[in-house]
Amino acid sequence: MNDTNTAPPKLPAHLPPAPPSPTPVEDPADRVPITGLAGTVEAILRQPRRVMHGLRLPGAGGVIGAMLFVSVVCALIYGVVVGTFSGGTQLWAAPAKIAAGLLFTGVICLPSLYIFACLSGSQARLVEIAGLVAGLLLLMTVLLIGFAPVAWLFSQSTKEAAWMGALHVIFWLIATFFGLRFLSAGFAQTQAKSLLGLRVWSVIFVLVALQMTTALRPLVGTADTLLPTEKKFFLAHWAECLEEAPAMPNRGRTRAADRASDAAEPERNGR
């Protein structure tokens, strides 16, 4: 019986390099230019990457203008729904205040967002950051249009302005959440190394917008003047509204009881 010694296989001198990790496949539809107002709304809802690509093209100003125009129209429509709660002057005052307040909030918050983008290592130009803010406002107002039928139903069946205002704030917060999510996705594509600045800016944006609702009051209900004459922080204003809300029905019942008592007094005297 012969012993056969088999030599172990020789290993190659150099191991082949590991295959590169697969890169994410880019959808060709994301590079299709955005045209028209309807195309702008569809892109912000279905293809947010397409919006970012459009902001890098030479015609980015047209895309930003379309987003701002649709945002103003949607804000005016939702403002009419807000104004139906009180009617009268609020049918035109509330839409004008809401549209102007959203635009003014975006304008005054734009410089800080651009500074935070630069500090985060982003290579985005100012026009791209402005486009992200315009997309934020567009997505917010489009979502508010979706809530408009529900808001109209409650405005026709609710008497308390404070609780109706709270409902509008809830709708606004939901719309802002999705708008900021779009902004975060777009900000991540600008080669930013950190999102800390964006998170800080998001808090600033929410606070400015909430303060704007107090600075332009009344949006829900009526007042003696079109704009307030007293300066207030929005939390203090909300606290006052909630304190007055349950007291209003009590005051109404007291007056009714007084009128009934006055009407019944001659009958008691006659007896």
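The values are calculated or read from the model by the stated rules, or taken from the named source; none is laboratory data. This is a predicted model, so every value here is computed, not measured. Here the Cβ positions follow ideal geometry from the backbone for every residue, glycine too, while neighbour counts run over all protein chains shown.
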Quiz prompt | From ALA38, ALA66, residue being aliphatic (A, V, I, L, M), touching a residue at least 24 places away in the same chain (Cβ under 8 Å) and closer than 30 Å to LEU219 by Cα | solution = ALA66
Quiz item: On the given criteria, is LEU219 touching a residue at least 60 places away in the same chain (Cβ under 8 Å), over 13 Å from ALA162 (Cβ atoms) and not in a helix (DSSP H, G or I)?
Solution: no
Self-check item: Selection from region 170-220 of residues that are out of contact with any Ser or Thr (no Cβ under 7 Å at 6 or more places or on another chain) and of a type in the set (Gly, Ala, Ser)
Solution: ALA175, GLY179, SER184, ALA185, GLY186, ALA188, SER202, ALA215
Quiz item: So which residues in region 62-93 are of a type in the set (A, V, I, L, M, F, W, C), out of contact with any His (no Cβ under 8 Å at 6 or more places or on another chain) and closer than 15 Å to GLN156 by Cβ, if there are any at all?
Solution: VAL80, VAL81, PHE85, LEU91
Quiz item: Of all residues in region 113-128, which are under 19 Å from LEU57 (Cβ atoms), free of Cβ contacts under 8 Å to residues at least 60 places away in the same chain and either surrounded by 24 or more Cβ atoms within 10 Å (Cβ to Cβ) or not basic (Lys, Arg) (or both)?
Solution: LEU126
Quiz item: Just for region 152-172: of the residues that are within 19 Å of THR213 (Cβ to Cβ) and without any contact (Cβ under 8 Å) to a residue 12 or more places away in the chain, which one is surrounded by the most Cβ atoms within 10 Å (Cβ to Cβ)?
Solution: ALA166
Practice problem: Determine whether GLY131 is over 21 Å from ARG217 (Cα atoms) and in contact with a Leu (Cβ under 6 Å, 6 or more places away or on another chain). | Solution: yes
Quiz item: Only one of LEU11, LEU45, LEU68 is at pLDDT below 65 and either of a type outside the set (Lys, Arg) or surrounded by fewer than 16 Cβ atoms within 10 Å (Cβ to Cβ) (or both); which?
Solution: LEU11
Quiz prompt | Unmet requirement for GLN189, which otherwise passes all of (1) surrounded by 12 or more Cβ atoms within 10 Å (Cβ to Cβ); (2) closer than 23 Å to GLY79 by Cα | solution = (2)
Self-check item: Test set (1) modelled with pLDDT under 90; (2) surrounded by 15 or more Cβ atoms within 10 Å (Cβ to Cβ) - LEU227 fails condition number
Solution: (2)
Self-check item: Residue count for region 222-239, restricted to those that are among the hydrophobic types (A, V, I, L, M, F, W, C), part of a loop (DSSP other than H, G, I, E, B) and free of Cβ contacts under 8 Å to residues at least 24 places away in the same chain
Solution: 3
Quiz item: Would a scan of region 25-41 turn up a residue that is surrounded by 12 or more Cβ atoms within 10 Å (Cβ to Cβ), in contact with a Gly (Cβ under 8 Å, 6 or more places away or on another chain), at pLDDT 85 or above and more than 14 Å from GLN189 (Cβ to Cβ)?
Solution: no
Quiz prompt | Checking PRO149 against (1) within 21 Å of VAL70 (Cβ to Cβ); (2) touching a Leu at 6+ places or on another chain (Cβ under 7 Å), the condition it does not meet | solution = (2)
